[in-house]
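Here's the structure, in C-alpha cells; my notes come after.
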Amino acid sequence: MKKMDALFYLVFLLTGCSSEWRDFIREGNKSYKTGNFVKAKEIYQSAVEAKPDEPISNYNLGAALHQNKEFYLAEKYFLKSISQLKLEEQSKAYYNLGNSQFQTGNFRDAIRSYKSALRMNHEDLDSKHNLELALEKLGQQQQNQEASNNQKQANNENHAGNQSQRNQQKNPLTPNGKKMSKADAIRLLETLKNDEHEIRKQILHHQISRQPPSHSSKDW
C-alpha cells in the first residue's frame, strides 16, 4: 500500500472561516506531521465539532483515524468529506477512502474507490497500483471463500450420510433385511417376554436343585 497523505494545504485556501476552527486545523496538522496521530485525531475531532459539515475537518479526521488503524471510522469521515470537496480534491479523498477499505478487507469497495480516483485523475499511479493489488486480493478472497463453502458442503453431506446410517441401524429388521411392520414388532416383543419368563423359571429351578439338603434336627 502507498502511504496516505492528508490534504493539509486545503485549509489555507478557505476564507470566511472562524479563527477557532482554523486554529484547530493548524494544530492538528502540526501533530499529524510530527507523527502524533492520537493528538491529531483529538484536535481534528474538535474541528469537526466546531464545523461538522466542513469537508476539510472530516477529511483530516479520517486521515488521523486511518493512521491510528481505526479504519472503519476513517471510512465514515472520508465518505462524508468527498461530496463536499472540490472536484480536483475528490480524487485524493477517493484514494484514501480506498486505502481504509482495503485495510478492512473490503476489497470490492476499495476497487470502486480506486477506480473513482482514477476517473478524476488518470495519472494517479498510486491509485493504479493499489487498484491492481485490490483486484488480486479480491480474487484470492473469492477463491478462499469458494474453497471454504465446498468444505462446508462436503462436511454437511458426510454428516447427513452418517446420520442416515445411524437411523438405519436403529430400525428393527426382519431376517430378510426388510423393516418390521408394527404388528410383527408387537409379536416379537410378546415372544421375548415369554422367553424371558421361561428363562427365569429355568434359572430358579436350577438354583433350587443345587441347594444342599437341610441338616436341622427335629425335637422328638
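Looking only at segment 44-90, residues that are within 22 Å of Leu125 (Cβ to Cβ), surrounded by fewer than 21 Cβ atoms within 10 Å (Cβ to Cβ), free of Cβ contacts under 8 Å to residues at least 40 places away in the same chain and not hydrophobic (A, V, I, L, M, F, W, C) come to 2 in all. Taking the conditions (1) open to solvent by 40 Å² or more (accessible area, probe 1.4 Å); (2) without any contact (Cβ under 8 Å) to a residue 24 or more places away in the chain; (3) more than 26 Å from Phe37 (Cα to Cα); (4) not in a loop (DSSP other than H, G, I, E, B) in turn, Asp109 satisfies each one other than (3). Looking across Ala50, Ala40, one residue alone is within 22 Å of Ser83 (Cβ to Cβ) and out of contact with any His (no Cβ under 9 Å at 6 or more places or on another chain). It is Ala50.
Residues that are within 33 Å of the chain's Cα centre (by Cα), part of a loop (DSSP other than H, G, I, E, B) and under 17 Å from Glu89 (Cβ atoms) within segment 37-70 comprise just one, Asp53.
Residue by residue, here is whether (1) polar (S, T, N, Q); (2) touching a helix residue (DSSP H, G or I) at 6+ places or on another chain (Cβ under 6 Å) holds:
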site	(1), (2)
Leu97	no, yes
Tyr114	no, yes
Asp126	no, no
Leu138	no, yes
Asn144	yes, no
Asn150	yes, no
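Contact map, segment 31-43: residues that are more than 11 Å from Ala63 (Cα to Cα) paired with residues that are of a type in the set (Val, Ile, Thr), Cβ distance under 8 Å, separation 6+ or inter-chain. Pairs shown: Ser31/Ile43.
The values are calculated or read from the model by the stated rules, or taken from the named source; none is laboratory data. On a predicted model such as this, the values are computed, not experimentally measured, just so you know. Backbone-built Cβ (ideal geometry, glycine too); neighbour counts: all protein chains shown. Side chains included, ligands, DNA and RNA excluded: accessible areas come from the protein's heavy atoms. Shrake-Rupley method; radii C 1.70, N 1.55, O 1.52, S 1.80 Å.
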